[in-house]
1. Taking the condition among the charged types (D, E, K, R), within 30 Å of ARG345 (Cβ to Cβ) and either assigned by TED's automatic domain parsing to the domain that holds PRO311 or loosely packed, with under 14 Cβ neighbours inside 10 Å (or both), does ASP90 pass?
2. Do we have GLY396 as assigned to a loop (DSSP other than H, G, I, E, B), under 31 Å from the mean Cα position of the chain (by Cα) and of a type outside the set (Phe, Trp, Tyr) here?
3. Quickly run through segment 194-213 and pick out the residues that are loosely packed, with under 14 Cβ neighbours inside 10 Å and either over 60 Å from the mean Cα position of the chain (by Cα) or not in a helix (DSSP H, G or I) (or both).
4. Just one of the numbered conditions (1) assigned to a helix (DSSP H, G or I); (2) surrounded by 18 or more Cβ atoms within 10 Å (Cβ to Cβ); (3) within 19 Å of the chain's Cα centre (by Cα) is not true of LEU277; which one?
5. Filter segment 31-57 for residues that are buried (at least 16 other Cβ atoms within 10 Å of the Cβ) and in contact with a helix residue (DSSP H, G or I) (Cβ under 9 Å, 6 or more places away or on another chain); which is modelled with the lowest pLDDT?
6. Suppose we filter segment 58-83 for residues that are crowded, with 19+ Cβ neighbours inside 10 Å, farther than 30 Å from VAL431 by Cβ and either modelled with pLDDT under 90 or within 22 Å of the chain's Cα centre (by Cα) (or both); how many remain?
7. If we scan segment 129-145, do we find a residue that is under 30 Å from GLN198 (Cβ atoms), of a type in the set (Gly, Ala, Ser) and without any contact (Cβ under 8 Å) to a residue 24 or more places away in the chain?
8. With the requirement that a residue be surrounded by 15 or more Cβ atoms within 10 Å (Cβ to Cβ) and among the small types (Gly, Ala, Ser), what does segment 245-266 give you?
Amino acid sequence: MRKTLIVTLIIVIAVGGLFLAMKKHAPKEQPATTQQIQAKDGIPVETAGIVRGDMEQTVEVTGDINALDKVTLSSKIPGRVAQVLAREGDQVSRGQTVVVLDQQDLLSNLQTAQGGLETALARLSQAKTSQKVTKIQTDAAIEQAQAMLDSTNAGLDVAKNPSRSQDKIIAENSVAEAKANLDRAESDYNRNKSLVTQGAISQSTFDVFAMTYKVAQTQYKSATERLSLIKEGGRVELVRQSEATVASAREGLRTARANASQNLLRKEDVRQAQAALSQAKAMVAIARQQLSYSNIKSPTSGVLSSRTTEPGQVVSVGQALAEVVNLGSIYFKGDVSEKGFAGVRTGQQVRVRIDAIPGEVFQGTLAEIYPSGSIVSRNFPVRIAIRQSSVGVRPGMFARGEIVTGTATNVLLVPKDAIDERKGTQSVFTVGAKHTVARHIVEVIRENRDYVQIQTPTDLKVGDVVVTQGRQNLQQGTKVLLSNGK
């Protein structure tokens, strides 16, 4: 009995183990695939509705931010940089000195030129003084010689046609006049002898006074001899003596007039001194200009955008030292495609977005359309003035713009994300009553950031639900699962 029970228990255990082993190695049920789930429940999608509204007609433009007022500072003279008075980012005003070159040699040149100017001024003053003195002296000599000639002619007339009662008086008067002339000539001679020793007058000018003095001595001697002859009663000798005196007086007048040519020489001296003065002034002006070139100034107000030199550097003429940008003159230079070019006009409004400043929209105006486009890209460059200023906008930033060319009113608007393009054909998928989709071929006329305007007539209408997300795997009749509940 006990043996039978043990056998039975072993059989039960064996059958149970076999059952467990069979259950463990039995094939498991496979989980449902994505395709199976989508076939049962539908492809998850997001949708939106078709509406009517107004759409701006825009043309896309892309390009870079530039500045109209941007200057590169460079030197007009070679030299060594002594100071750089601004750094990148510093505000610079118009006329402000940014770079200073070493000025030691330039200051020395200016001092030398100023010394030359002072010398030229002194020479001109001396030449003008000499001209005045020479004219006074030659005029006096001519006047004196003319008076002497007149006097001797009168004496000759008296000698030829004497009046016995008057001969002695006339002779005595002649002696007195000759003595006065001699005294005046001697005084002029002594005074000018001192001047020529001091260098105030030329030797040729002094020779005029020396000659006048000698003539006066001769005339005085002749007058005294004539008086002596009259007293002695020698009339023939008196006539001869008078004739000799007249001849001497004529020679004195001729000499005085000849010496008047000294005036021309003095005039030429003044002209040369004036020319030397003009040249000296020009040298001073050049030296001052060269000195001013050592202060390199900004011709415009703005921000120092770059600095390419440091103190101690030797720079050459025209070498770029710094760049100043007037941020108030910033503009957007972009390219318009050949397709949209026909609709753009100057004065149109433009919305500008800059990649480096996300989330901000700048308002602009189409200021200029360039006359020719690129034969490679078939794009046409335009210049857009940005009305809003921002400290963050800098030349060189990439920008995108939308030129507003007009507004289409009460048009059919389809969400932009609903447009599906396959092999060059554009379409949208609408969701039907049983959550199956239908494909509709469309033609997009224009678009903005949210909607597209499609060509009419079309079988689409306001209120139709179109797929915006998840349309990549859709076909005609595909079942969809509306994730956003629409």
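1. Considered against the rule, which asks whether it is among the charged types (D, E, K, R), within 30 Å of ARG345 (Cβ to Cβ) and either assigned by TED's automatic domain parsing to the domain that holds PRO311 or loosely packed, with under 14 Cβ neighbours inside 10 Å (or both), ASP90 comes out as no.
2. Criteria met by GLY396.
3. The answer is SER194, GLY199.
4. Among (1) assigned to a helix (DSSP H, G or I); (2) surrounded by 18 or more Cβ atoms within 10 Å (Cβ to Cβ); (3) within 19 Å of the chain's Cα centre (by Cα), LEU277 violates only (3).
5. Among residues in segment 31-57 that are buried (at least 16 other Cβ atoms within 10 Å of the Cβ) and in contact with a helix residue (DSSP H, G or I) (Cβ under 9 Å, 6 or more places away or on another chain), the one modelled with the lowest pLDDT is GLN38.
6. 7
7. Taking every residue of segment 129-145 in turn, none turns out to be under 30 Å from GLN198 (Cβ atoms), of a type in the set (Gly, Ala, Ser) and without any contact (Cβ under 8 Å) to a residue 24 or more places away in the chain.
8. SER248, ALA249, GLY252, ALA256, ALA260 - these are the residues of segment 245-266 that are surrounded by 15 or more Cβ atoms within 10 Å (Cβ to Cβ) and among the small types (Gly, Ala, Ser).
The values are calculated or read from the model by the stated rules, or taken from the named source; none is laboratory data. None of the values given here were measured: they were computed from a predicted structure. FYI the Cβ positions are ideal-geometry reconstructions off the backbone, even for glycines, and counts take in every protein chain you see.
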